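A.B. asks: Can you read through this structure? Questions will come right after.
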Amino acid sequence: MTQDEPAAGQRLKTWTVLICAATIVTIAMGIRQAFGLFLRPIELDLGITREAFGLAIALQNLVLGLAQPVIGAISDKHGAGRVAAIGGVLYALGLVLAAGISSAFGLTLSLGVLVGFAMTGTTFVVAIGAATRAVAPEKRGMAAGVVTAGGSFGQFLLVPVAQALLDSYGWRETFVIYAALAALMALLAIGIAGRPQSPAQSGSGPVQSFGAALREALSHSGFWLLNLGFFVCGFHVAFIGTHLPAFLADKGLDPAVGARALALIGLFNILGSYVFGMMADRLRKKYVLGAIYLARALVMVVFLSLQITALSATVFACVLGFLWLGTVPLTSGLVAQIFGVRYVSTLFGIVFLSHQVGAFFGAWGAGYAYRVTGSYDFAWQASIGIALLAAVIHWPINDRPMARLGAAVR
């Protein structure tokens, strides 16, 4: 065996992890981002209100957030493969049950609770944790960006497919077809299987217990600021992903415009996720995060200031798409940079909980505001205001690695 053979084997293993992790997120997030297209068909067929539909999606986000730290800890201990396999099976089951609903309660249990729990094992926290552990420290931002781009590619690919299926077959049949696709994640989980090494096993640093890692993070002010910032990101993603198609339809635009807008958000975020992932390895992450939130606020102000047309919706989707999930590699990168990668799934899972609490208010709150006021104006105003807040709060974060890591600020 030559010296190049072990290196080639390691490269193959690394790319297998990255590709499988990104593909799992592609399927999970692609299906998830299509749920907004089901709002109007279900509303017309079953009489389920927008507020009730928004509540189901809000609970989905909340369940995902509440369970994510626990599932992240299980992934840190037992490996991402087992967690993702179970998540894929539960995701498929939830979609099959959603296809048979007849009431808002059934929608909440299937699409809300069960799919929300399934996503804890198939979305960013578990997948990014596996990916960042598979690469060298200087490439962690790139790895997180690749996985995040997978979610964006899924949105670009699966949202228009969902619209075509809805037009051709109906919403129940579309749920069943996507359930079969979700089941593939259980097979892809084999590619990210393996238990994480402890510092003692890898020789990468001093041993730290799980409890010590939690205490260290919870006593760090920057950790709480990251939580607050990611709350804002979750609000934006859930509000726009759930209600943008209905908002555009209310403005007299064809439903295909809403589907195209969601797809374009996903397409342009493929580029955005990769670019911001690379920037995470080269620039101060906290400053880039602040700039992203400021840009989001400006984009929303310009969009709402103009007449809402198919063209303005398309341009808005493209620009916002570039900024859409660029926060993920930067936020997860900051967690890994400050606290190390041994418990990154757990710690990023806690930050992700804040994201999902924000998503709860973005999905449900916008529907509630629509019911009370008859428009989405308040939801847009809130989105702009909290974006400006998030732009400011990242600047004071102390992003130096903890002293035990013995590393320089990246």
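A.B. asks: Using the count of nearby Cβ atoms within 10 Å as a rough guide to exposure, how do TRP395, TRP324 rank from fewest to most?
C.D. replies: Exposure proxy ranking, most exposed first: TRP395, TRP324.
A.B. asks: Something else now. Return the lysines within reach of LYS13: Cα separation strictly under 25 angstrom, same-chain partners fewer than 8 residues apart disregarded; answer none if there are no such residues.
C.D. replies: Straight-distance partners of LYS13: LYS77, LYS139.
A.B. asks: Shifting gears a bit: Karplus couplings for the stretch 118-124 from phi (6.51 cos²θ - 1.76 cosθ + 1.60, θ = phi - 60°), rounded to Hz, Gly and Pro as x?
C.D. replies: For the stretch 118-124, the Karplus curve yields 4, 5, 4, x, 10, 10, 4 Hz.
A.B. asks: Describe numerically, in nm with one decimal, the distance between label points set 7 Å from Cα along Cα→Cβ at LEU271 and at GLU43.
C.D. replies: Roughly 3.2 nm, to one decimal.
A.B. asks: Further question on the same structure: Working from Cα positions, state the angle (0 to 90°, nearest 10) between the long axis of helix 255-280 and the longest principal axis of the chain.
C.D. replies: Once rounded, the angle reads 20 degrees.
A.B. asks: Then there's this: 7 Å from Cα along Cα→Cβ at both GLN10 and LYS77: what's the point-to-point distance in nm?
C.D. replies: Each label point lies 7 Å from its Cα, and together they span 3.0 nm.
A.B. asks: Same structure again: Relative contact order of the chain, please, whole-number percent, based on alpha carbon pairs below 8 angstrom and at least 6 residues apart. Can you show the working numbers first?
C.D. replies: Details: 785 pairs, mean separation 112.3, N = 410.
Reported as a whole number, the value is 27 percent.
A.B. asks: Which order do the peptides 145-155, 240-250 take when ranked by the mean count of other beta-carbon atoms within 10 Å per residue, highest first?
C.D. replies: For the peptides 145-155, 240-250, the packing ranking is 145-155, 240-250.
A.B. asks: Using 0.36 nm per residue of separation minus the Cα-Cα distance, give me the extension gain between ASP254 and LEU228 in nm, one decimal.
C.D. replies: Gain on stretching ASP254 to LEU228: 5.8 nm.
A.B. asks: Using a ≥ b ≥ c from the Cα gyration tensor of the stretch 268-375 (square roots of the eigenvalues), is it rounded, prolate or oblate, where a/c under 1.5 gives rounded and otherwise the larger of a/b and b/c decides, a/b for prolate?
C.D. replies: Working: a/c = 2.89, a/b = 1.48, b/c = 1.95.
Because a/c hits 1.5 or more and a/b fails to exceed b/c, the stretch 268-375 counts as oblate.
A.B. asks: Still on this structure: Rounded to the nearest 500, what is the 222 nm mean residue ellipticity of the chain from helices alone, with -39500 (n - 2.57) per DSSP H run of 4+ residues and division by all residues?
C.D. replies: -25500 deg cm²/dmol
A.B. asks: Which one of ALA52, ALA317, ALA118 has the biggest mean-square fluctuation once the chain is modelled by GNM with Cα springs under 10 Å?
C.D. replies: Comparing ALA52, ALA317, ALA118 in a Gaussian network model of the chain, the most mobile one is ALA52.
A.B. asks: Can you tell me the length gained on complete extension of the stretch VAL302 to SER219, counting 0.36 nm per residue apart and subtracting the Cα distance?
C.D. replies: That pair, VAL302 and SER219, stretches by 26.0 nm at full extension.
A.B. asks: Starting at the first residue of the stretch 370-383, write each ³J(HN,Hα) from the Karplus equation 6.51 cos²θ - 1.76 cosθ + 1.60 with θ = phi - 60°, in whole Hz, x for Gly and Pro.
C.D. replies: Whole-Hz 3J(HN,Hα) from phi for the stretch 370-383: 5, 5, 6, 9, x, 8, 9, 4, 4, 5, 5, 4, 4, 4.
A.B. asks: Does anyone have the angle between helix 140-168 and the longest principal axis of the chain? Alpha-carbon axes, 0 to 90°, nearest 10?
C.D. replies: It works out to around 20 degrees.
A.B. asks: Also: Label GLU138 and LEU388 with points 7 Å out from Cα along Cα→Cβ: what is the distance between them in nm?
C.D. replies: 4.2 nm
A.B. asks: If we restrict to alpha carbons, what Rg and Dmax does the stretch 324-404 come to, in Å?
C.D. replies: Using the Cα atoms of the stretch 324-404, the pair Rg, Dmax is 16.1, 54 Å.
A.B. asks: If you fit an axis through the alpha-carbon atoms of helix 285-305 and take the longest principal axis of the Cα set of the chain, what angle between them do you get, 0 to 90°, nearest 10?
C.D. replies: 10 degrees
No value in this document is a laboratory result; all are computed from the given coordinates. Worth saying up front: this structure is predicted, and the values here are computed from it rather than measured. Cβ atoms come from the backbone with ideal geometry, glycine included; neighbour counts cover every protein chain shown.
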